[in-house]
1. Out of 247, 211, 204, I need the residue that is closer than 25 Å to residue 167 by Cβ, surrounded by fewer than 15 Cβ atoms within 10 Å (Cβ to Cβ) and assigned by TED's automatic domain parsing to the domain that holds residue 23. Which one?
2. Restricting to the stretch 272-295, name every residue that is more than 19 Å from residue 35 (Cβ to Cβ) and exposed (fewer than 15 other Cβ atoms within 10 Å of the Cβ).
3. Of everything in the stretch 1-35, what is touching a residue at least 40 places away in the same chain (Cβ under 8 Å) and part of a helix (DSSP H, G or I)? Give them in sequence order.
4. May I ask you to verify whether residue 237 is outside the structural domain of residue 370 (by TED's automatic domain parsing), within 25 Å of residue 114 (Cα to Cα) and crowded, with 16+ Cβ neighbours inside 10 Å?
5. Scanning the stretch 140-149 for residues that are over 9 Å from residue 104 (Cα atoms) and in contact with a strand residue (DSSP E or B) (Cβ under 8 Å, 6 or more places away or on another chain), which turns out surrounded by the most Cβ atoms within 10 Å (Cβ to Cβ)?
6. Please work out which one of (1) at pLDDT 95 or above; (2) in a loop (DSSP other than H, G, I, E, B) is the condition residue 50 fails and give its number.
7. Could you tell me whether any residue of the stretch 8-31 is more than 16 Å from the ligand (Cβ to nearest atom), surrounded by 19 or more Cβ atoms within 10 Å (Cβ to Cβ) and under 19 Å from residue 270 (Cβ atoms)?
8. Looking only at the stretch 244-252, decide whether some residue is touching a helix residue (DSSP H, G or I) at 6+ places or on another chain (Cβ under 9 Å) and on the phi < 0 side of the Ramachandran plot.
Ligand code: SF4
């Protein structure tokens with residue numbers, strides 16, 4: 001099975017109010033040494049691997065900020081190091097960073113899919129969230145991408161931004177459908193205590209409009225509304241947060257939910273080889289220094305135990321709308337997990353009687369009208 005490769009670019013132009021990722025606003029001078037280090041990391045890793053790579057995802061952060069030559073160097077390092085063919089090569093981009101010169105260069109470098117961080121089509125919501133783009137930038141960016149031959153575009157929306165209302169959400173979904181991208185992600189805002197918005201929701205204040213965050217019930221209503229309208233428009237709902245036109249599901253992200261192997265390069269990137277999981281150090285300068293010295297940037301190396309592997313099969317697999325076939329998972333699971341399976345079967349029965357999951361034959365899935373509380377269902381099942 002070919003690998004997926006994820007490359008993390010941890011740089012942004014500004015910090016969104018709700019963001020608590022390990023990303024930073026740094027001088028552009030720091031970009032090139034970082035890219036040099038990632039290229040070296042890729043080439044070192046390939047020395048101990050004979051695997052081929054079929055999907056690449058360059059995410060962040062805002063990787064579209066990098067000079068186009070640096071992005072091309074990253075892809076060339078992968079081509080030199082791992083055999084192909086590359087089926088899906090995605091770049092995450094912010095709408096305001098999309099220019100005619102960049103789109104042409106991205107296409108030439110080998111990217112064939114762009115994930116555009118739209119998030120909302122309402123200027124007031126974008127401004128409050130600390131985003132630099134506005135509604136018109138999204139339309140302009142998609143036009144430029146399509147003119148450059150980058151027609152496979154994914155757009156995302158966030159349900160739950162401050163000042164969002166049912167009417168403004170309906171309008172954002174309508175604008176998105178006017179564009180009719182190949183792929184759509186809808187995320188429900190998670191308010192992290194470490195973000196500026198999260199701190200304001202706890203401590204009070206009005207700078208980031210924490211008081212104007214929609215309620216959990218409203219957020220769930222927004223999600224359901226988007227799910228209905230996307231289905232009516234012909235999108236295939238294949239994962240809790242993701243919809244694609246037929247054949248446009250994200251092949252790279254499917255690897256995560258199917259527990260297939262992937263390698264991560266860059267600060268904070270995660271890897272999984274089917275047996276162990278590991279992550280690189282989070283701090284970009286430290287990552288760069290370690291790689292420049294010829295040392296490993298890996299930390300948190302952990303062999304996945306049979307019990308953990310079982311929990312992951314459920315936790316990750318059930319994010320897919322089609323669910324999982326539990327029979328082959330049970331057949332190949334470690335015999336020492338017999339007791340755990342007994343508990344799992346009992347829990348599945350209880351959750352089914354409460355309408356939270358559906359078991360049809362041996363195929364288990366989250367009940368379609370309970371997707372907005374999937375985390376609670378996972379806890380009940382695996383906790
Ligand atoms: S663009 Fe993404 S990574 Fe950067 S600050 Fe905003 S949410 Fe965080």
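The values are calculated or read from the model by the stated rules, or taken from the named source; none is laboratory data. Bear in mind that the values here come from a model prediction, so they are computed numbers and not experimental data. Backbone-built Cβ (ideal geometry, glycine too); neighbour counts: all protein chains shown.
1. It is 211.
2. Within the stretch 272-295, 273, 274, 275, 276 qualify.
3. Those that are touching a residue at least 40 places away in the same chain (Cβ under 8 Å) and part of a helix (DSSP H, G or I): 30, 33, 34.
4. Values: outside the structural domain of residue 370 (by TED's automatic domain parsing): yes; within 25 Å of residue 114 (Cα to Cα): yes; crowded, with 16+ Cβ neighbours inside 10 Å: yes.
In short, yes.
5. Looking at residues that are over 9 Å from residue 104 (Cα atoms) and in contact with a strand residue (DSSP E or B) (Cβ under 8 Å, 6 or more places away or on another chain), I get 141.
6. (1)
7. No; the residues of the stretch 8-31 include none that is more than 16 Å from the ligand (Cβ to nearest atom), surrounded by 19 or more Cβ atoms within 10 Å (Cβ to Cβ) and under 19 Å from residue 270 (Cβ atoms).
8. So far as the stretch 244-252 goes, no, none of its residues is touching a helix residue (DSSP H, G or I) at 6+ places or on another chain (Cβ under 9 Å) and on the phi < 0 side of the Ramachandran plot.
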